[in-house]
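This report refers to the structure that appears directly beneath it.
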Amino acid sequence: MVGVNKRQVRVGMIGYKFMGKAHSNGYRNLPYFFDTPAVPVLQAIAGRDEQGVKAAAETMGWASYETDWRRLLERDDIDVIDIVTPNNVHAEMAIAAAEAGKHVLCEKPLAMTVEQAKRMVDAVKKAGVVHMICHNYRFAPAVQFAKKLIEEGRLGKIYHIRAQYLQDWIMDPKFPLVWRLRKEVTGSGAHGDIAAHILDLARFLVGEFSEVVGMMETFIKERPLGEMTGGLNASANSGKMGQVDVDDCSAFLARFENGAVGVFEATRFAAGNRNGNRFEINGEKGSIRWDLENMNNLQVYLTDDEPGLQGFRTINCTEEHHPYAGAYWPAGHIIGYEHTFINLMKEFMEGIVNGTSPAPNFEDGYRNQLVLASVEKSVETGSWVKISEVDPS
Ligand SMILES: NC(=O)c1ccc[n+]([C@@H]2O[C@H](COP(=O)([O-])OP(=O)(O)OC[C@H]3O[C@@H](n4cnc5c(N)ncnc54)[C@H](O)[C@@H]3O)[C@@H](O)[C@H]2O)c1
């Protein structure tokens, strides 16, 4: 049995649909690829519907289930609470988990508001538990390699980042009013859901934001009521209609503390773009480009290449020289979306053993929330907003 003599980290996961499946797969496969000092044990999942949670436990390989998530906190045989529920319950669950002395992995966005995010950071710090937020795209080997190139100074001073997260899954006006389109459950629309990811990549690769100015739009304002059914699928549950009260798209300009500038766009109305999470970064000595839909590759241009041979080169980041890639297959044998979660969980397990909270942790989630909130404030006021204006700390 894999990892039988290692420290066992017993996970209790709340929620079991799209991210539940991604996280379960991550925990299951981590010991198969990485020799970490601790291995996750799929101890229990929690959900409100007994039939659903029982079936999910069986399918995804969890040892037990609960129908009330608070039961997970009472159990002595749970070390970690993993939160894969909608955004409106992240704060309550994470704070209760920390108070119960459990380490916490929470899906993004960390919270609905800056105030909630602040309380979450305070709670994990006070309890001294290890915490991470699941910005998994940082853990694509090509993104990690981009970070390495930037840190080595290969691009020199960074001037620009332009990042887009383009989807098209709600373009049909008959697509139901699911939780991701209801402000009271999700907080914001494309903004908190997918702009949060490119914002995290920008913080990771470029640095801290200093000010932003943004705009948002809701194209379809009324939809039939309905529920998510797994992945990004949904079904309408009655003939009734409801109001969409979140953004369908968000776009903003940004300045960074180090002088770089950024252009960001997040939308669920970019026809033909299923999951187009992309960025380009331009520095004084070169540029890099990445696109999730071709996630193993990094495009790199270096100005000191020989004249006549200059141009973007494509690096397939599957060699042992590329972070995490050596744990998988021989060079050129590509990996996928699910491996970003495995790589993140490797860091999480090592963090638990070392007593440190690897980035991105709740502090990163908080900083991310500050930028999200600053853009929202800018949309309300129609002017630039400094990140420090929305930061109570
Ligand atoms: N990292 C990523 O790439 C990524 C991708 C998708 C979603 N997410 C995030 O993951 C979280 C979950 O999204 P999802 O796509 O898995 O949603 P989903 O609708 O597929 O699943 C949500 C799960 O939470 C459960 N749930 C809802 N309210 C609950 C409550 N009050 N108590 C207990 N369980 C409850 C549901 O029954 C379901 O099992 C969200 O915060 C979302 O933003 C992250």
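The values are calculated or read from the model by the stated rules, or taken from the named source; none is laboratory data. Bear in mind that the values here come from a model prediction, so they are computed numbers and not experimental data. Cβ atoms come from the backbone with ideal geometry, glycine included; neighbour counts cover every protein chain shown.
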Inset, instruction - Enumerate the pairs (first residue in the stretch 249-266 and among the β-branched types (Val, Ile, Thr); second residue anywhere and not in a loop (DSSP other than H, G, I, E, B)) with beta-carbon separation below 7 Å, excluding pairs fewer than 6 apart on the same chain, so at least 6 apart or on different chains. - result: Val261/His160; Val261/Ala254; Val261/Arg255; Val263/Arg162; Val263/Leu253
Legend entry - Failed item, numbered, when Pro392 is tested on (1) touching a residue at least 12 places away in the same chain (Cβ under 8 Å); (2) in the same structural domain as Gly153 (by TED's automatic domain parsing); (3) loosely packed, with under 14 Cβ neighbours inside 10 Å: (2)
Inset, instruction - Answer yes or no as to whether Lys108 is outside any helix (DSSP H, G or I), among the basic types (Lys, Arg) and outside the structural domain of Met228 (by TED's automatic domain parsing). - result: yes
Legend entry - Members of the stretch 336-372 found to be in contact with a Pro (Cβ under 8 Å, 6 or more places away or on another chain) and hydrophobic (A, V, I, L, M, F, W, C), listed by number: Met345, Phe348, Met349, Val353, Leu372
Inset, instruction - Take the stretch 7-50 and flag every residue that is assigned to a loop (DSSP other than H, G, I, E, B) and either among the polar types (S, T, N, Q) or not assigned by TED's automatic domain parsing to the domain that holds Glu66 (or both). - result: Thr36
Inset, instruction - Scan the stretch 356-393 for residues that are assigned to a helix (DSSP H, G or I) and hydroxyl-bearing (Ser, Thr, Tyr) and jot them down. - result: Tyr366, Ser374, Ser378, Thr381, Ser388
Inset, instruction - Restrict the check to the stretch 43-56 and report whether at least one residue is among the aliphatic types (A, V, I, L, M) and within 17 Å of Ile342 (Cα to Cα). - result: no
Inset, instruction - Please specify each residue of the stretch 323-347 satisfying the condition of being touching a strand residue (DSSP E or B) at 6+ places or on another chain (Cβ under 8 Å) and either part of a helix (DSSP H, G or I) or of a type outside the set (Val, Ile, Thr) (or both). - result: Ala331, Gly332, Leu344, Met345, Glu347
Legend entry - Boolean, Ile170 is closer than 16 Å to Ser250 by Cα, touching a residue at least 24 places away in the same chain (Cβ under 8 Å), assigned to a loop (DSSP other than H, G, I, E, B) and among the β-branched types (Val, Ile, Thr): yes
Inset, instruction - With respect to Glu350, determine if the residue is under 22 Å from the mean Cα position of the chain (by Cα), touching a residue at least 24 places away in the same chain (Cβ under 8 Å), within 18 Å of Ala94 (Cβ to Cβ) and not in a loop (DSSP other than H, G, I, E, B). - result: no
Inset, instruction - Count, please, the residues in the stretch 247-302 that happen to be farther than 23 Å from Val212 by Cβ, charged (D, E, K, R) and surrounded by 22 or more Cβ atoms within 10 Å (Cβ to Cβ). - result: 0
Inset, instruction - State which residue is nearest to Val185 (Cα to Cα) when the search covers only the stretch 51-98 and only residues that are within 13 Å of the ligand (Cβ to nearest atom), among the acidic types (Asp, Glu) and not in a loop (DSSP other than H, G, I, E, B). - result: Glu92
